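Report on one structure; see the data block that follows.
The values are calculated or read from the model by the stated rules, or taken from the named source; none is laboratory data. In this text the structure is predicted, and so the values were computed from the model without any measurement. Methodologically, a virtual Cβ is constructed for each residue, glycine included, from the backbone with ideal geometry; neighbour enumeration extends over all protein chains shown. Surface areas here come from the heavy atoms of the whole protein model, side chains and all, with no ligands, DNA or RNA. Shrake-Rupley method; radii C 1.70, N 1.55, O 1.52, S 1.80 Å.
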Amino acid sequence: MAKRGVTLSTSDVRREAVLDAAIVEFARTGYHGTPINTVATAAGISTAYVFKLFPSKVELFVAALDRCFELVEQSLATGAARAAGGDPEVILYEMGGAYAELISDKSLLMLQVHAQSATDIPDIAEALRRGLARVTDYAKVRSGASDESVQRFIAVGQLCHLITTLGIDGHEGGWAAILAAGIRHPA
């Protein structure tokens, strides 16, 4: 997930590796269940060096969450670029498709889910609000859609999270069919 087209210093390369590893590890076991040494091992560097880059576990989690929302916004831009014409609903639809593609590996999705479960930590709650504001503002400005359409877009995205994390697409029972009907989400 490192930035392309930029020459990075050794510490920048390690920072990128730590963020990539943090996204994966926090997505697997959440903020509370992920020790820093697990992230360090996954990044291939020492725990002390992780703490040099990110002085606390909260700062590392927040940086991973910020990166997550940066990638979400990039995916929305990709979707918007695919939209033919300027119809706001078409732009939102294409943004949704691009987002569904992005979260197909589930790491970014699960990082967001785990962040929601750790909002008792003020810095994490603020980072989650900041990320949601970023995505909402981008969807609104780029699509030109009404507030109601953007609200529905965000709500459908949250429903996509629920369908995906619970694996209810194709689940037996009318309730699952009702929730999954017409919702694009990763298989």
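Some observations on this one:
- Note on surface exposure: Phe54, Phe153 rank Phe153, Phe54 by accessible area, highest first, 1.4 Å probe.
- Calculated Cα extents along the principal axes in Å (choose from [x] 43, 40, 33; [y] 49, 40, 29; [z] 71, 41, 30), label: [y]
- Counting only Cβ charges, +1 for Lys and Arg and -1 for Asp and Glu, the dipole size of the chain around its Cα centre is about 420 debye.
- The gain in end-to-end length when the Ala125 to Tyr49 segment is fully stretched comes to 24.8 nm, 0.36 nm per residue minus the alpha carbon separation.
- Pairwise centroid distance, computed over Cα atoms, of segment 78-100 with segment 143-187, Å: 16
- Across segment 88-96, coupling constants 3J(HN,Hα) worked out from phi with the 6.51/-1.76/1.60 Karplus curve, θ = phi - 60°, read x, 5, 5, 4, 4, 4, 5, 4, x Hz, and Gly and Pro carry x.
- Listed values for segment 72-82 are Karplus-derived 3J(HN,Hα) couplings in whole Hz (6.51 cos²θ - 1.76 cosθ + 1.60, θ = phi - 60°), namely 4, 4, 4, 5, 5, 5, 4, x, 4, 5, 7, and x replaces Gly and Pro.
- For segment 71-187, with +1 on Lys and Arg beta carbons and -1 on Asp and Glu, the positive-most of Ala139, Ser149, Ile121 along the dipole: Ala139
- In order along segment 24-39, the Karplus-derived 3J(HN,Hα) couplings, from 6.51 cos²θ - 1.76 cosθ + 1.60 at θ = phi - 60°, round to 5, 6, 5, 5, 6, 10, x, 5, 5, x, 10, x, 4, 5, 5, 5 Hz, and Gly and Pro are given as x.
- Extension reserve of the Asn37-Ser146 stretch, reckoned as 0.36 nm per residue once the Cα distance is removed: 34.7 nm
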